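Let me begin by presenting the structure, written as structure tokens, before commenting on it.
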Amino acid sequence: MREITYTEAAREALAEQMAVDPSIFVVGEGIGERGGNFNTTLGLYEKYGPMRLRDTPIVERGFVGMCAGAAMTGSRPVVDFMFIDFILDSMGELLNQISKIQYMSSGRIKMPIVLRGCIGIGGAAATHHSGSYYPLFVHIPGFRVALPSTPYDAKGLFKTALTGDDPVLFLEHKLLLNRRGPVPEEAYQLPFGQAAVIREGSDATVVALAIMAPKVREVCDELAKDGLDIEVIDPRTLAPLDMATILESVAKTGRLLIADETFGPCGIGAEISAQVMEQGFDDLDAPIARLNGMHTPTPYSPSLEAAIIPDKAAIAQAIRDLVAE
Amino acid sequence: MINATDELGAEQLLALYRVMVLIRRTEERLARAHQMGLVPGPCHTYVGEEAIATGVCANLREDDVVFSTHRGHGHALAKGVSPRAVAAELFGKATGCSQGRGGSMHLFAPEIGLMGTSGIVGPSILQGAGAGYSFKLLGSDQVSVAFFGDGAVSNGAFHEGLNLAAIWDLPVVFVCEDNMYATEVAFRDATRVQDVAGRASVSYDMASVRVDGNDVMAVYQAAEEAVSRARAGQGPSLIDCKTYRTRPHAEGMRDGGYRTAEEMESWKARDPIAAHAAWLIDKGRASAAELEAIEAEIKATVDDAIEFARSSPFPEPATAADYIFSRGA
């Protein structure tokens with residue numbers, strides 16, 4: 001199978017769907033003729049013009065609120081935030097309007113809107129360009145949250161986002177964007193709420209999100225040389241969250257670590273941990289462990305930046321500790 | 001300007017009267033129901049401002065859309081939502097226009113273009129612009145209307161929404177209902193520039209007009225021009241309606257301290273319904289008997305709506321989390 005980058009894969013899904021659905025339009029800063037700061041829309045403006053590739057002023061609240069109205073009246077807006085940090089200026093429109101209007105209208109209004117942007121720490125982007133924020137959206141009823149970690153998942157999940165009727169956060173870790181992987185040329189969709197077991201094992205389960213998925217898998221491949229047989233699960237979507245796959249794995253391994261680059265308090269690891277204790281307590285042979293980035297704004301200097309994210313040594317140590325419990 | 005009074009027939013003139021009376025009498029009964037504990041939540045009435053929703057919505061087709069405010073009963077009724085569905089929603093009943101999930105501040109009837117009243121000040125402006133974007137993208141000649149009060153004018157949504165609608169020539173009519181107070185904060189204390197129409201034209205190069213919001217004919221005429229402009233693809237407009245609410249911000253709230261009895265009385269003397277009635281009779285366009293017949297007809301309609309609301313069932317508790325997503329879950 002041919003290999004393309006994560007960004008190319010997501011763009012292919014967008015291009016395929018824009019070709020068949022004239023109600024899709026993209027808004028963002030520099031997503032028109034320029035093709036997007038991260039090449040998310042490269043080549044599409046020439047085909048579809050300014051009504052469908054709409055460069056905007058820097059008014060996140062304004063164009064998110066505008067896209068809500070568009071989604072309510074027959075369009076499918078894709079908001080390209082570039083860096084997801086910029087979404088914060090539009091939180092009122094998201095949490096008070098976009099997530100609630102299907103409910104308030106008793107399902108008679110649809111809200112097919114895709115909100116995409118880069119997340120994650122890396123490249124000395126500093127604190128206004130390094131956020132992730134997905135636990136906030138998982139907390140709120142009404143959002144789907146997709147967090148692909150491979151080019152294959154990026155294309156399939158983006159396609160699903162573009163064909164559903166719900167608001168979807170589609171979050172792309174900036175250190176994954178240029179990673180290559182096998183992606184079918186034909187169109188396909190991946191259902192939300194279906195985790196991927198990206199490495200099978202029997203000694204412990206690690207649930208790894210976004211950039212942590214490939215990092216943890218690489219660590220586990222090295223740990224295998226020491227005889228540790230670790231299962232790695234990438235949930236791929238956080239809302240809905242495929243707890244069945246996680247519980248099934250924990251029933252097999254008896255041990256669970258959740259590895260997530262973003263904050264621990266009230267985070268995804270806390271939620272998964274609580275659900276496993278509610279539904280799979282008897283399967284546990286050791287306390288559930290979490291490995292998170294430091295609970296701090298992201299610093300600029302490379303030495304400080306490196307200090308706040310779990311590196312491979314930290315991941316390996318966390319797994320060894322868990323197995324030794 | 002074309003004189004709207006010349007082009008409207010007696011039937012249309014009476015229709016404006018009928019809608020204003022329908023809004024007034026429905027809300028009077030809802031306010032009473034609120035006092036009796038039959039409306040479990042907040043209730044912000046539109047009493048005194050009826051001419052605006054009436055004059056604007058009389059220019060809309062059923063497939064045109066309206067984005068409204070927390071003071072939205074009048075917009076809903078003028079857009080064609082039945083008094084039964086509005087009353088039942090305020091009573092929290094399953095037969096309400098939002099099936100009991102919304103209440104006064106979240107009335108929805110998308111089938112006839114009521115895209116929601118709202119508990120947050122500002123988003124109607126942005127969503128109204130967005131519907132305009134949809135219609136332009138999809139090649140439809142539908143028109144979008146965003147209602148908002150003076151309280152929204154100092155909010156960022158006003159600047160962002162008007163600017164976006166202007167730069168992209170969206171088919172939107174922005175209707176500012178300047179009733180002089182945002183909750184209890186005077187507009188004069190919230191801005192150095194109370195000329196909302198002037199802001200639209202100077203800041204956004206947008207067609208705009210200021211009208212007496214208590215004169216239904218003036219509102220009708222301004223809306224006719226704005227809606228025609230939008231439908232013809234000539235871009236957005238703003239109508240700056242100066243008006244006044246003669247009841248408290250919300251039912252049951254203390255109304256003193258921020259406005260005077262003299263001010264209140266001066267506006268009550270300019271009641272939009274009484275003014276239209278006097279105009280109709282003075283110009284010989286309707287008789288007192290015709291107006292009384294309308295009152296009687298509306299009384300029966302509202303009696304029926306309140307009884308419907310009272311006798312309707314509450315929603316099933318098991319449905320409390322329905323409709324969060326489009327396909328169950």
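The values are calculated or read from the model by the stated rules, or taken from the named source; none is laboratory data. Predicted, not measured: the structure shown is a model, and the values here were computed from it. Cβ: placed from backbone, ideal geometry, glycine included. Neighbour counts: every protein chain shown.
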Test A:Gly107 against the criterion of being under 11 Å from the mean Cα position of the chain (by Cα) and closer than 30 Å to B:His106 by Cβ, and give yes or no. no
Only unsatisfied item for A:Asn96, checking (1) crowded, with 21+ Cβ neighbours inside 10 Å; (2) within 11 Å of chain B (Cβ to nearest Cβ), is (1)
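In a helix (DSSP H, G or I), crowded, with 20+ Cβ neighbours inside 10 Å and either of a type in the set (A, V, I, L, M, F, W, C) or in the same structural domain as A:Ala71 (by TED's automatic domain parsing) (or both): does that describe A:Gly142?
On the way: in a helix (DSSP H, G or I): no; crowded, with 20+ Cβ neighbours inside 10 Å: yes; either of a type in the set (A, V, I, L, M, F, W, C) or in the same structural domain as A:Ala71 (by TED's automatic domain parsing) (or both): yes.
Answer is no for this residue.
For B:Ala275, state whether it is at pLDDT 95 or above and of a type outside the set (D, E, K, R). Working first, answer last.
Values: at pLDDT 95 or above: yes; of a type outside the set (D, E, K, R): yes.
Taking the combined requirement at face value, the residue satisfies it.
Could you please give the count of residues in region B:98-147 that are of a type in the set (Val, Ile, Thr), surrounded by fewer than 24 Cβ atoms within 10 Å (Cβ to Cβ) and either touching a Phe, Trp or Tyr at 6+ places or on another chain (Cβ under 8 Å) or within 9 Å of chain A (Cβ to nearest Cβ) (or both)?
Applying the first criterion (of a type in the set (Val, Ile, Thr)) to region B:98-147 yields B:112, B:117, B:120-121, B:125, B:143, B:145.
This time we only want the ones that are surrounded by fewer than 24 Cβ atoms within 10 Å (Cβ to Cβ), so: B:112, B:120-121.
Checking the rest, the ones that are also either touching a Phe, Trp or Tyr at 6+ places or on another chain (Cβ under 8 Å) or within 9 Å of chain A (Cβ to nearest Cβ) (or both) come to B:120-121.
Within region B:98-147, residues that are of a type in the set (Val, Ile, Thr), surrounded by fewer than 24 Cβ atoms within 10 Å (Cβ to Cβ) and either touching a Phe, Trp or Tyr at 6+ places or on another chain (Cβ under 8 Å) or within 9 Å of chain A (Cβ to nearest Cβ) (or both) number 2.
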Do we have any residue at all in region B:41-51 that's over 21 Å from B:Met105 (Cβ atoms) and surrounded by fewer than 22 Cβ atoms within 10 Å (Cβ to Cβ)? no
Among residues of region A:73-84 being more than 18 Å from A:Thr163 (Cβ to Cβ) and touching a helix residue (DSSP H, G or I) at 6+ places or on another chain (Cβ under 8 Å), the residue farthest from the other protein chains (Cβ to nearest Cβ) is A:Phe81
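Among the candidates B:Glu89, B:Glu184, which residue alone is out of contact with any strand residue (DSSP E or B) (no Cβ under 6 Å at 6 or more places or on another chain), modelled with pLDDT under 95 and closer than 23 Å to B:Gly74 by Cβ? Walk me through how you get there before you give the answer.
Details: B:Glu89 fails: modelled with pLDDT under 95.
Just a single option satisfies the conditions, and that option is B:Glu184.
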When you go through (1) closer than 24 Å to B:Met115 by Cβ; (2) surrounded by fewer than 24 Cβ atoms within 10 Å (Cβ to Cβ) one by one for A:Pro77, which number turns out not to apply? (2)
In this structure, is A:Ser99 in contact (Cβ under 8 Å) with a residue 12 or more places away in the chain and under 23 Å from A:Leu53 (Cβ atoms)? no
How about region B:226-243: which of its residues are in a loop (DSSP other than H, G, I, E, B) and among the polar types (S, T, N, Q)? B:Gln234, B:Thr243
Could you tell me which numbered condition B:Ala131 fails, if it satisfies all but one of (1) more than 14 Å from the chain's Cα centre (by Cα); (2) touching a residue at least 60 places away in the same chain (Cβ under 8 Å); (3) over 15 Å from A:Met66 (Cα atoms)? (3)
Identify the single condition in (1) within 30 Å of B:Ser98 (Cα to Cα); (2) touching a residue at least 12 places away in the same chain (Cβ under 8 Å); (3) touching a His at 6+ places or on another chain (Cβ under 8 Å) that A:Met104 does not satisfy, given that it satisfies every other one. (2)
Please state which one of A:Val27, A:Val64, A:Val20 is without any contact (Cβ under 8 Å) to a residue 12 or more places away in the chain and assigned by TED's automatic domain parsing to the domain that holds A:Ser90. A:Val20
Within region A:145-167, count every residue that is within 14 Å of another protein chain (Cβ to nearest Cβ), outside any helix (DSSP H, G or I) and of a type in the set (Val, Ile, Thr). 1
Single unsatisfied condition, A:Ser202 versus (1) in contact with a strand residue (DSSP E or B) (Cβ under 6 Å, 6 or more places away or on another chain); (2) among the polar types (S, T, N, Q); (3) surrounded by fewer than 19 Cβ atoms within 10 Å (Cβ to Cβ): (1)
When region A:132-160 is checked residue by residue, the ones that are touching a strand residue (DSSP E or B) at 6+ places or on another chain (Cβ under 8 Å) and of a type in the set (A, V, I, L, M, F, W, C) are A:Phe137, A:Val138, A:Phe143, A:Val145, A:Ala146, A:Leu147, A:Ala154, A:Leu157, A:Phe158
Given the conditions (1) surrounded by 24 or more Cβ atoms within 10 Å (Cβ to Cβ); (2) touching a residue at least 60 places away in the same chain (Cβ under 8 Å); (3) not aliphatic (A, V, I, L, M), report the number of the one that B:Asn59 does not fulfil. (1)
Filter region B:46-92 down to the residues that are β-branched (Val, Ile, Thr) and closer than 22 Å to B:Asp215 by Cα and list them by number. B:Val47, B:Ile52, B:Thr54, B:Val56, B:Val66, B:Thr69
If I go through region B:148-196 residue by residue, how many of them are among the β-branched types (Val, Ile, Thr), facing chain A (nearest Cβ under 10 Å) and surrounded by fewer than 24 Cβ atoms within 10 Å (Cβ to Cβ)? 1
